[in-house]
1. When the residues of the range 187-196 are narrowed to those that are in a loop (DSSP other than H, G, I, E, B) and free of Cβ contacts under 8 Å to residues at least 40 places away in the same chain, which ends up farthest from Arg228 (Cα to Cα)?
2. Among all residue pairs at least 6 apart or on different chains, which show Cβ distances below 7 Å where the first residue, located in the range 317-345, is touching a residue at least 24 places away in the same chain (Cβ under 8 Å) and the second is surrounded by fewer than 23 Cβ atoms within 10 Å (Cβ to Cβ) and hydroxyl-bearing (Ser, Thr, Tyr)?
3. Tally time: how many residues in the range 350-381 are touching a Gly at 6+ places or on another chain (Cβ under 9 Å) and part of a helix (DSSP H, G or I)?
4. Can you pull out every residue in the range 323-339 that is more than 12 Å from the chain's Cα centre (by Cα) and assigned to a helix (DSSP H, G or I)?
5. Over 24 Å from Pro118 (Cβ atoms) and touching a Ser or Thr at 6+ places or on another chain (Cβ under 9 Å): is that true of Asp381 in this structure?
6. Restricting attention to the range 108-156, which residues are polar (S, T, N, Q), within 26 Å of the chain's Cα centre (by Cα) and crowded, with 16+ Cβ neighbours inside 10 Å?
7. If only one of Gly267, Gly240, Gly283 is free of Cβ contacts under 8 Å to residues at least 40 places away in the same chain and either in a loop (DSSP other than H, G, I, E, B) or over 24 Å from Leu207 (Cα atoms) (or both), which one is it?
Amino acid sequence: MDTATRSSPWLLLVGLLAVGGALTALAGVALPLIILAIMLMVMAHEFGHYITAKRSGMLVTDFFVGFGPILWSKQIGETRYGVRALLLGGYVKVPGMTWSDTIDPAIESRTYRQASFPRKVIFASAGSFMHVVMALLLAWASLLFIGQPNPSHVDITGFATWDGYQQTAAQSAGLRTGDRIVSINGRQVTSPAMLTSMIHAQAGNQLRVVVERAGKRIVLSVTPVDGRTLRSGGVVIASGASPVGYLGVGLGEQVVPIALTAAIPSGFHVVGSTITAAVKAIGHVFSPTMFASLFHQVATPSAANSVKNQQQRPQSIVGVVRIATQAANAGWAPLLGVLMMVNIFIGVLNMMPLLPLDGGYVAIAMYERLRSRKGRRYQFDLAKLNLLTVGFVGVLLVLFVCTLYLDIAHPMVNPFK
């Protein structure tokens, strides 16, 4: 972001979108769909800034899709709309984002810096607000048109592929796609997470599994295999000092229809809980522990190939496109879920109180408000934050480079298989 332009905070995320698509070697309809979805998210973010600026009486001089040379533009009123050659984001241009900008006195009253405190906060927060709106729409669409999982029904949706094995442990024991897992060793199974935890703790131990098949209950014996001895696509499934049991099954929950009256509060609950999880996740992403783990994975291929490490590490645009495409191939429900989480994560990240993120401008507006006295507005000098801003951008670049390398050299195992 320069001093006069509200640039998209997605630029760092989508800057290598085309490269990411090529490197992931994804084909079919899913990849273009994901690229289109991401571009729509970018422009919806910018539209949030655009419409609030207009409604607040600020001057919006430019609203462009993309960056670089102009392919097409048209002046409508006081705003120039257009498309640029590099479809890697978008931007809204509003004069006077800092007090040091040189502005024509004729438009000074309509600059960002002359706006009231509430209008500044609304304008700066509008992009993240649009991500929350999009997340709600995605959640409601999933609940209304697909349904809500019934956690008490844990079904087998498919089987993994293990290198060197014709069948997984589950297939060898006689489990089939469509089986509902009722209990293990007499303990009722009430969620996929519960089942996964139970299996991981029982590597090498024979288990008594009760499944429901075609309305009848069947008792089977199955022995989880230590994931440290297994590979899938050349990648070790698990690592660590302790054994981790695997059956090699894909799990799902029975999906039940949900009415509109129930979908609205459920959608708010889903988005709210996802926002809470995103705040915790972002705190973890920027922790010294995560950076130490990323550096270790970059330097140690075995650590990078660990499924546990892959599930905990942040994803670059390559990883995001790959996972979203894998979700699309798995069905509409996983795809809508991934897109909802991407919206929430970006919206929350963008509200961090640091420049050049929108949250930085909110924090500055609040600080100016607190320092203003008796009608005299305090004018904060953004130059005082140059060192902090450069440092934060440097951290983002290190994070971006590390995750990009790991997603290319050591891609995450498909979580939807």
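The values are calculated or read from the model by the stated rules, or taken from the named source; none is laboratory data. On a predicted model such as this, the values are computed, not experimentally measured, just so you know. Counting neighbours? That spans all protein chains shown, and the Cβs are built from the backbone with ideal geometry, glycine included.
1. Within the range 187-196, the match that is farthest from Arg228 (Cα to Cα) is Thr190.
2. Val318/Thr24; Gly319/Thr403; Val321/Thr24; Arg322/Thr24; Met340/Thr274; Met341/Thr274; Ile344/Thr274
3. Number satisfying all stated conditions: 2.
4. Scanning the range 323-339 gives Thr325, Gln326, Ala327, Ala328, Asn329, Ala330, Trp332, Ala333, Pro334.
5. Here the answer is no, as Asp381 does not meet what is asked.
6. Ser125, Ser128, Ser142, Gln148
7. Of Gly267, Gly240, Gly283, the one residue that is free of Cβ contacts under 8 Å to residues at least 40 places away in the same chain and either in a loop (DSSP other than H, G, I, E, B) or over 24 Å from Leu207 (Cα atoms) (or both) is Gly283.
Results for (1) at pLDDT below 90; (2) surrounded by fewer than 18 Cβ atoms within 10 Å (Cβ to Cβ), shown as yes or no for each residue.
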residue: Ile323; (1), (2): yes, no
residue: Met351; (1), (2): no, no
residue: Gln379; (1), (2): no, yes
residue: Val395; (1), (2): no, yes
